[in-house]
Amino acid sequence: MISNDILTGTAMLNAIWSQQHKDLLDLLLPFVQYSIGKKYKKGQHVKLAEIASSLDKELGYQSIPNEIIQTALKRLSPSVLKREHGEYWLQVDLSKEIERFENERKVIKERQEKVGTALASYLNGKLLGKKISIDESLDLLLDYFQKNGLLISRTTDEIDSIKKSSAAKMEYLVGQFVLEESKKDSVVFAYLLDMVRGSFVASAIYLQPKNYTMESSSFKNTTCYLDTRLILNLLGLNSKEEHLSAIQLLEMLIDMGARIACFNHTVEEVTSIIQAYRHSLQNPYLSPLPYGPTLPAWDEEGVTPGEIDTFLAGLHVKLRVAGVRIDDDPSYPAPQNYPIDELGLSNRLATDIKYGNEIALQRDVKSVVYVAIIRAGRKTSSIENCKAVFITTNSRLVYVVEDFLGYHQLESVSPVVLASKLASILWIKCFAKHGDYPKVKLLEDAMVSTAPSQDVLDEFFRLVDKMKAENTLTADEAAAMRSGLFQKRELMAYVDGDATKINEESVEMVKSRLRETYSLQDKTEIEGAKKQASKAREELLAKKQQALFRIDEAGEKARKRVKRALTLVTIVIGLAILAISIALAVHAYLLQNLSYGLSAVILLLLDILSVYDTLRGRWKLLSKLINRCAETAKNKAKDRERNKFDFLFVQ
């Protein structure tokens, strides 16, 4: 089957890429050489068209540009092919190369069979009464990869067929399968990663048919404008996987020197989505959508309207910090130099894409037109030199715009590029630093595919309204559900992404989860209040202890200060009295005795000792008075300090 060939081809491309990281075109040479060896014998004329057909039908390389095949044939000359007048003839026997290629292909196919077997088993366990074969499961996997931009689909018809053949339910189940295999870190998940890595290499080759070397130029001359979904992902408002993928995409662009920006109308759209989410929280029954806009990260966190207002107030700052500049609208050129039929593009998008409102349509039109105006009509086959590009996660928008503007035939860089395709080029350039990006992208797409679908939510809320009208649900319960205060992914898992499985039991499950959530929230709030009260008591006790220490410290300092001062004064006065007494004794002695002998000196010393003894006898009394004054000063100081902390001791 064609799905087997495509998946096998991408996995083989990864196997070759993992062995050599030098030249993109060299990775395709084994496939081209195999096609030549299978179709021609030595000496036969090799025709480019037949090789292209073989690559498409036998190896799964659909609509590969002839320029790539032509360059590959040149590289095989003269070692494998003989070239004369622009034509090629096979000049060697390729049987050994064919045998080696087929052995490698057999190994890849066996791995692919394991993936198909595991997926078929998973789907059959979910789809009771319906039998999915291995080939059918691989078809579904191929559809899943193509819808998420992980494999090349060149026409809008192919995208339409994907949408028809891969219903939302099947897409959900494949995405859920990827997530479960990732959690198990299984061999099957490793094989899935091989396919995705190979698809990245293939995308890089398709998008850069003239740029094969790994030492390619930087993006320093290119401004990359992000769409609304990428901005929401970057701000962390969708799933964690989408946030991580957006961050890595931005980091790779910055590493390559690109300028990251968004248009004013994109910021306006982001703002309107956030405001609508806020409105739906406060007024669930007045929401423009039956269940209100959803932002999964905020659904999980349970943000409040006040927190959303704060977020919106800092939105521009958050974007600048993330490295995203907000550009003003470019000036419109004169009518004769206008690069795009704006009205025609608007009508085509309105016809081919289901927009929720006219404003969203016109914003997409503006983004395409503004990039074309910035390019000033210039066309290039290299993203590095295209000057500006609008990066989107909307594969349908990319294919419709490319088809309308004729970029499939021109092989030029479209004004709009799918984020996953651009990421493939960036991953090749930044492999050493961002080698795990394919895994991040695979998980991001799985999360997007398993997000709550509109069909499931429409049916769920229809039933909620019905049960409310029948009084089996209270108005508060219905309002809580409409506000999105429950895990929508849990609802999707409960019904396996199938809207037909929505019933009253589903609503009761959600109601039960809501009660558990509120009960847990109440318990958490009570526990939180207790912890806060306990913490407040501990803090109050600590403050009281600190206050008592400061009061005691102030009193002790005052006591020591006063005691030291009074003691010093007492000593000074005592010494003064002693000095005066000595002076008087000497004076009296001199008046009575003119001669100054030994007896006079002895009598003088006895008088001094008598005065000292008198003063010493009074010292104990003076010390008691000093201590009493010091204690009085201490108590007054403590009273003054205590007045500062009265509020701590009020009962």
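Tabulated values for the structure
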read-out	value
Scan of the range 485-538 for residues that are within 30 Å of Leu128 (Cα to Cα), more than 28 Å from the chain's Cα centre (by Cα) and at pLDDT below 75, ordered by number	none
Per-region count, the range 216-257, residues under 22 Å from Lys366 (Cβ atoms) and either acidic (Asp, Glu) or in a loop (DSSP other than H, G, I, E, B) (or both)	3
Any hit, the range 534-551, residues being under 13 Å from Glu631 (Cα atoms) and in a helix (DSSP H, G or I)	no
Index of the failed condition, Glu136 passing every other in (1) open to solvent by 10 Å² or more (accessible area, probe 1.4 Å); (2) modelled with pLDDT under 85	(2)
Residue identified as in contact with a Gly (Cβ under 8 Å, 6 or more places away or on another chain), in a helix (DSSP H, G or I) and open to solvent by less than 10 Å² (accessible area, probe 1.4 Å) among Ser367, Ser420	Ser420
Search result, residues across the range 54-73 that are outside any loop (DSSP other than H, G, I, E, B) and at pLDDT below 85	Ser54, Leu55, Asp56, Lys57, Asn66, Glu67, Ile68, Ile69, Gln70, Thr71, Ala72
Any hit, the range 86-103, residues being basic (Lys, Arg), touching a residue at least 60 places away in the same chain (Cβ under 8 Å) and either part of a helix (DSSP H, G or I) or surrounded by fewer than 15 Cβ atoms within 10 Å (Cβ to Cβ) (or both)	no
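Residue by residue, here is whether (1) open to solvent by 30 Å² or more (accessible area, probe 1.4 Å); (2) modelled with pLDDT under 80; (3) within 27 Å of Met481 (Cβ to Cβ) holds:
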residue: Ala258; (1), (2), (3): no, no, no
residue: Thr271; (1), (2), (3): yes, no, yes
residue: Leu295; (1), (2), (3): no, no, yes
residue: Ile308; (1), (2), (3): no, no, yes
residue: Val324; (1), (2), (3): no, no, no
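The values are calculated or read from the model by the stated rules, or taken from the named source; none is laboratory data. If you're wondering where the values come from, they're calculated on a predicted model, not measured in any experiment. With ideal geometry, Cβ positions are generated from the backbone for all residues, glycine too; neighbour counts draw on all protein chains shown. Just the protein is used for accessible areas: all its heavy atoms, side chains included, with ligands, DNA and RNA removed. Shrake-Rupley method; radii C 1.70, N 1.55, O 1.52, S 1.80 Å.
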